[in-house]
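The values are calculated or read from the model by the stated rules, or taken from the named source; none is laboratory data. Predicted, not measured: the structure shown is a model, and the values here were computed from it. Backbone-built Cβ (ideal geometry, glycine too); neighbour counts: all protein chains shown.
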């Protein structure tokens, strides 16, 4: 076991092996590299308000299991699987629901910010209504800012699969958003007719 601290230039495999030997700074580097991936996968599956806490829970679940990872280079795919399972577990466990109107979350925001927040939530809801494969890759790309090759490398998907999922997902998202804006403009037209 070496006493050399982990560096940002270390490969994932090197960081995994160091983490397996008890180097916490190496696991911290893995956290920095993969927190966006975990966040995006969770955001595609669970309520947004729960995501931050669950990101930490995923890493807390992964740390003691790290010794069971046989191929250190597959850390991203392994962590993505743990994340997806955590999202499934979220829905299996009973939760206390606190009633909260959408307006109360925006109460302190300026009117323009409230509109932007509402629009962002509507877009996120549209993305979440897509098939799972498209939903996850789109959130990793659009929300987490990951490139196609980065998504492929971190999830273990092939570059071709990521490219197809992003392309088809964007097509379906455009259709959904087009339908949404079409229905919003038609209701405005009806409202204008009633006033006129």
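Just checking, how many residues over segment 66-76 are part of a helix (DSSP H, G or I) and touching a helix residue (DSSP H, G or I) at 6+ places or on another chain (Cβ under 6 Å)? The qualifying residues number 6. For segment 33-47, the set of residues classified as under 22 Å from residue 150 (Cβ atoms) and under 10 Å from the mean Cα position of the chain (by Cα) consists of 35, 36, 37, 38, 39, 40, 41, 42, 43, 44, 45, listed by residue number. Kindly establish whether residue 115 is at pLDDT 90 or above, within 25 Å of residue 173 (Cα to Cα) and either outside the structural domain of residue 20 (by TED's automatic domain parsing) or surrounded by 13 or more Cβ atoms within 10 Å (Cβ to Cβ) (or both). No.
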